[in-house]
Every structure is written in structure tokens, then in C-alpha cells.
Amino acid sequence: MKLRNLRPLYAHSLDIRVGKLRVMRFALNRHLPEKGWVETHRHAHGQFLLYLTGTGTQWVGGRKEAVQAGRVFYLAPGCEHAFVEDAGGKPLCLALDVSVPGETASGQAMLAQGELNELRRALTELRGWSEGEAAQVRPGEAGAVLMVLDVLMRAVGLLKERKGAEGTVVRRARAVFSGVDGGGEGFPVAKLAERVGYHPDHLTRLLKKETGMTAGQLRAALRLKRAQAELEAGATVAEAAERSGFADANYFTRWFKRQTAKTPREWRAGRE
């Protein structure tokens, strides 16, 4: 449905899927100056609305909700909604059309300022999009879209952390590091984020929250575990270095000592 009182600054038809979750459209809309309202309407799909600037009133299923920067709404399929702006409060609104598995109810939340700033940074990656552009998304762009969706779903309660279980993002990061030359230092965080499907800043925040480590620290922990396993299995120092992603055995020895306070040979001797 195309609304007459909105002008897309960019809009993109998508087909990004994560399991049964699907993102179909991602748009940044500026409210037009001629009118201060958006008529009542509904969608067959779910929709997230995030107000980046402006103030006004969002009507959701007959209820009146105040709008300001950082307010996010999830509109379940079939939910009637409309918007009336305050005087001088021209909004800039991010809209995501989604298909969320299972029965979902409409909801709303207020993002913390840090989360709002993080989303604004992610949006800078999508500035090249325009109305009518072909529906092709580069890996980094898909990661930015999924990062935005992750924050919004958690804000309104559609996505919750499982207590006591290692999160999906950590498992995927471990798998990527373990499969790339022992997690070598030449594999940057930006490349990891592209593989995992998150914006680099958001990935770092998630890893820190779930493990207490940055991506670099997680990589170091995995490399050390691999090196120690190789040494215990009887590999030479040079072999352990190569198999854990180090091209220089001397550098590996210095690095290993920084991690354990022992050289590889001293560490192995202490295990015998």
C-alpha cells in the first residue's frame, strides 16, 4: 500500500530470511509538509515502525500512543494504525515489513539512546538505496538490516535471550573462527560480522554481553585452545603455530607466553 503523505528517502524490496523469519521491505520515510497525518490503514504482514526524529501521536488498534525519537512500534498483521504529527514535528520514520513466525501481538517500546545511536550508524551503510532499485542486497547491507531487526524485536519482546544457553551469535562466531585458518589475525572483525550476519558494532556488543570478550579476545581464546590441543597431541611448536593460524613460530612463542605466562615447551612440560 502506497501512502500519499510519505516520501521514501530510500525503499528496498527484500527477501532476507532467517529460519521462518522474513524481511520483505525496508524503507526510510519522511512525512510530507502538506499534511500532518497518515490515514488509517492496515497490512497483511507485520511491520516495525521506528521514529528517528519528530513528535506526534500513533494510533494503534484504537489506542493513542505518544511518538518521539526512539519510539518503536510492532504492528501485527491486520492491525489498524494511523499517525498525526505535532506542530513542527516532521517525523523521519524507519519501516520494516516482516513476516514473523507464530501468532504475534502488536507492541511498542522506547529505545535507549545508545541503541538509537547504534541504529543510526547502521543506517549509514544503506544510503545508496533508492526507490525502485533492484532487489539485490550485498552481505554488509543484509547484516545491517538484520542488526536493526534484532534490536527492534528485542525491544518489543518478540526475541528473548535464553538464559543459561550460549547464544546463536556466539556459536556462529566460534564456528567461523574455527574454520578460518585457526582464526588467524588476518581475519578482521568486519569479515566475521559479514559471515555471521551482523553489523560489526552490534556484533561486538553481543559478544561482549554473552561472553565478556570482544571478537578479538574470543579469537585469541580459540587460537590458544587449538594450540594447546596440538601441543598435547605431540605437535612440534612450529606445527602447533601453523595449525592455530600463526605463520611465524617465534611470534607464536611470544604470543603464547603472553597468554599463559609460559612458553609452549614450558606449558607442555607442565602437563606431562
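Here are the numbers:
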item: FRET efficiency estimate (nearest 0.05) - Cβ-Cβ, Gln217 to Ser99, R0 41 angstrom; result: 0.65
item: Label-point separation in nm, Thr236 to Leu92, each point 7 Å along Cα→Cβ; result: 6.0 nm
item: Inter-site label distance for Arg258 and Ala44 at 7 Å from Cα along Cβ, in nm; result: 5.8 nm
item: Least to most buried among Arg154, Arg17 (fewest other Cβ within 10 Å first); result: Arg17, Arg154
item: Separation of alpha-carbon centers, the range 57-84 and the range 199-257, rounded to whole Å; result: 48 Å
item: Kirkwood-based shape ratio for the range 224-271, expressed as Rg/Rh from alpha carbons; result: 0.90
item: Inter-site label distance for Ala249 and Leu159 at 7 Å from Cα along Cβ, in nm; result: 4.6 nm
item: Theoretical FRET efficiency, 1/(1+(r/R0)^6), r = Cβ-Cβ of Lys20 and Arg171, R0 22 Å, to 0.05; result: 0.70
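Any read-out appearing in this document is the output of simple, stated calculations on the displayed coordinates, not a laboratory observation. No experiment lies behind these values; they were computed from the predicted model shown. Glycine gets a Cβ as well: all are built from the backbone with ideal geometry, and neighbour counts include every protein chain shown.
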